[in-house]
1. Of the candidates A:Arg53, A:Arg214, A:Arg342, which one comes out as most mobile in a Gaussian network treatment of chain A with C-alpha springs shorter than 10 Å?
2. Which three extents, in angstrom, do the Cα atoms of the range A:270-389 have along their principal axes, listed largest first?
3. Ranking A:Leu68, A:Leu122 by Cβ neighbours within 10 Å, fewest first, what do you get?
4. Return the calculated 222 nm mean residue ellipticity for chain B, to the nearest 500 deg cm²/dmol, obtained by summing -39500 (n - 2.57) across DSSP H runs with n ≥ 4 and dividing by the residue count.
5. What base-10 log of the normalised intensity I(q)/I(0) is obtained for the range A:39-132 from the Debye formula, alpha carbons as equal point scatterers, at q = 0.15, 0.16, 0.22 Å⁻¹?
6. Note the per residue figure in Å³ for the convex hull of the C-alpha positions in the protein assembly as shown.
7. Compute the orientation-averaged projected area for the range A:217-279 from the convex hull of its Cα atoms and round it to one decimal in nm².
8. Taking the Cα centre of the range A:250-310 as origin and charging only Cβ (+1 Lys, Arg; -1 Asp, Glu), how large is the dipole, in debye to the nearest 20?
Amino acid sequence: MTAVDETTTDPAAGSPANTARAHSHGGGVVPDASRAERVTSFDVADFEVPTGREEEWKFSPLREFAPLFETGPAGSADVEVTAPDAVVHRSGTLQEVGAGTAFTPGDRAAAAGWAATTEAHLVSVPAEAELDAPVLVTVRGTAGTTTSGHLVVEAGRHSRALVVLAHTGSGAHRGGVEVRAGDGADLTVVTLQEWDADAVHVGQHDVLVGRDARVRHIAVSLGGKAVRVSTNVRYAAPGGDAQALGVYFADAGQHLEHRLFVDHEATNCKSYVEYKGALQGDDAHAVWIGDVLIRAAAEATETYELNRNLVLTDGARADSVPNLEIETGEIVGAGHASATGRFDDEQLFYLQARGIPEDEARRLVVRGFFAGIVERIGVPEISERLMTTIETELAATALAGTSSTEEN
Amino acid sequence: MPTLEIRDLHVTVDEADGGTKEILRGVDLTLKSGEVHAVMGPNGSGKSTLAYSIAGHPKYTVTGGTVTLDGEDVLAMSVDERARAGLFLAMQYPVEVPGVTVSNFLRTAKTAIDGEAPKLRTWVKDVKQAMDDLKMDPTFAERNVNEHFSGGEKKRHEILQMELLKPKFAILDETDSGLDVDALKVVSEGVNRALASTGPGVLLITHYTRILRYIKPQFVHVFVDGRVAEQGGPELADSLEETGYDRFLTRA
């Protein structure tokens with residue numbers, strides 16, 4: 001692969017070059033500042049308006065996000081919920097839907113959003129229920145408005161469910177998502193950022209994994225002008241298994257940011273994080289932050305995180321920062337990898353040598369790059385729709401790319 | 001009769017230090033349908049460069065000479081145009097394409113080569129038959145292209161493509177390297193089947209004479225230092241088996 005900036009880190013090999021934060025792999029090294037010390041609060045006054053110098057905001061386009069830092073009343077986005085009969089759906093105030101037991105705002109936008117939320121939603125899957133169809137929650141923003149919202153997804157013990165949260169439309173949106181998976185539950189939450197090209201969105205998703213529960217969180221960000229989704233995973237009890245997967249495709253001028261924090265405190269839990277993104281066009285910007293903390297008590301933890309970026313044109317920028325803090329040596333395994341590369345010329349040559357034209361060869365490679373995650377969404381119509389969107393975006397590169405690749 | 005003609009071909013490669021190095025220094029070869037030409041030579045003599053230059057790999061720069069297919073200028077064509085014109089390169093180190101299944105890849109390639117999608121029913125049957133002939137498990141079709149393939153599986157997969165895509169000329173770049181005797185036989189049978197059915201011209205690039213027991217060449221070319229140093233019939237391969245490349249190397 002013709003890598004432009006590749007770091008693949010072996011857990012035993014020390015810090016990758018692009019890791020901005022303190023980085024330790026056991027052995028008793030105390031990091032300068034633990035991820036655990038980051039402020040969380042329901043009070044917006046606990047968070048200054050970001051200036052861009054803060055660790056957690058330094059990659060973000062603050063001018064785009066500015067409306068989301070403002071306090072005071074904001075509207076609610078249009079929310080539509082379609083669910084199988086077994087599912088309980090309710091809307092009301094944050095209090096009425098029981099929000100805030102597994103969610104605490106972690107930044108200015110989330111706290112301001114929490115304070116401004118007047119209509120929240122609860123989707124509750126009863127214990128033992130096994131849904132035969134997905135729950136679909138659609139959030140639609142309106143141009144020129146700033147909206148706030150909060151969604152609680154509750155999966156009762158030993159239930160099995162798939163919840164798809166689709167973001168569409170325009171405007172500026174702050175969305176809190178609170179996922180509570182009961183003991184032994186098997187829950188998949190898919191969040192689709194299919195915004196119009198001018199939308200801005202800051203979302204915080206807090207996921208609490210119950211004893212022996214299995215949770216998959218899949219983020220797909222394709223639309224919007226600036227999108228930042230922070231996903232925080234915690235375990236309520238031992239035996240939990242969490243997967244956080246994501247794909248993104250950033251076009252010219254688009255900012256797509258995904259911040260992951262997996263906080264291991266219970267014993268015998270697993271986490272697996274895999275995000276894959278493609279970037280094309282001037283000032284396309286993707287940010288991926290993967291923080292994993294294994295606290296002293298979290299023995300027998302097994303964790304791995306991976307981020308791969310495919311840079312399709314010049315002028316795009318991918319920031320990728322994996323960060324692993326380990327406070328106990330009694331773990332099963334911990335590792336991370338981050339790689340940012342260009343199209344693999346050898347792959348393209350191989351496909352073209354079989355008669356496949358260059359644009360189609362690129363499409364095959366990109367489709368293959370994303371397929372592993374997109375196909376795990378569990379709803380074939382959605383997977384197909386996302387692949388079509390990705391291929392449409394890619395068609396724009398093929399046009400832009402031909403001039404620069406004709407060298408032989 | 002389809003003819004692939006290589007005339008006075010000069011090729012350079014860019015080196016890491018910014019310089020260029022001439023690897024092919026005037027190669028002449030004429031290949032006709034149904035003929036098998038073995039190109040033999042020591043490591044570094046330019047055999048693989050010849051293969052990749054004909055296929056159009058961007059790493060190599062043609063600085064002189066011509067390659068024509070029935071009079072058409074191959075060097076003016078893009079990589080995919082060359083394949084659609086009837087050239088096929090079985091690679092020594094086939095590349096992984098994650099997320100793309102063998103069956104999807106084969107269908108896409110066949111559609112590109114023929115200019116139309118193959119008829120579904122006959123295509124499925126043809127693929128199944130070809131895989132069966134090469135002793136490939138049916139589950140192979142659902143695996144990702146070359147991903148986690150063993151060396152032998154990669155080579156079978158290359159020959160599978162050759163049998164299904166039916167090129168006019170096939171260049172086999174050290175297809176025998178890394179194969180045990182059983183796999184070598186299976187792969188050679190595949191080439192012989194293609195010769196019997198569609199009769200392509202075959203340029204068989206090899207370091208060893210071993211594969212020539214199973215695929216019989218009519219012509220043998222010995223490559224040394226970027227040119228054909230000697231050519232002859234199958235008996236030349238026999239003499240190489242006894243004396244090796246030493247006499248060419250000392251002379252060079």
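1. Checking each option, the largest mean-square fluctuation is seen for A:Arg53.
2. Taking the Cα atoms of the range A:270-389, the three principal extents are 56, 34, 26 Å.
3. On the way: A:Leu68 26, A:Leu122 20.
Sorted ascending by nearby Cβ count, the order is A:Leu122, A:Leu68.
4. Details: 8 runs with 91 residues, N = 252.
Computed ellipticity for chain B at 222 nm equals -11000 deg cm²/dmol.
5. Debye output, listed in q order: -0.72, -0.78, -1.11.
6. Values: hull volume 118.3 nm³, N = 660.
So the per-residue hull volume is 179 Å³.
7. Details: hull surface 15.9 nm².
Across all orientations, the range A:217-279 yields a mean hull projection of 4.0 nm².
8. Values: 5 positive and 11 negative charges, 30 e Å.
Roughly 140 debye for the range A:250-310.
Bear in mind these aren't lab numbers, they're just calculated from the coordinates by the rules spelled out. Keep in mind that this is a model prediction, so the values were computed, not measured. Glycine gets a Cβ as well: all are built from the backbone with ideal geometry, and neighbour counts include every protein chain shown.
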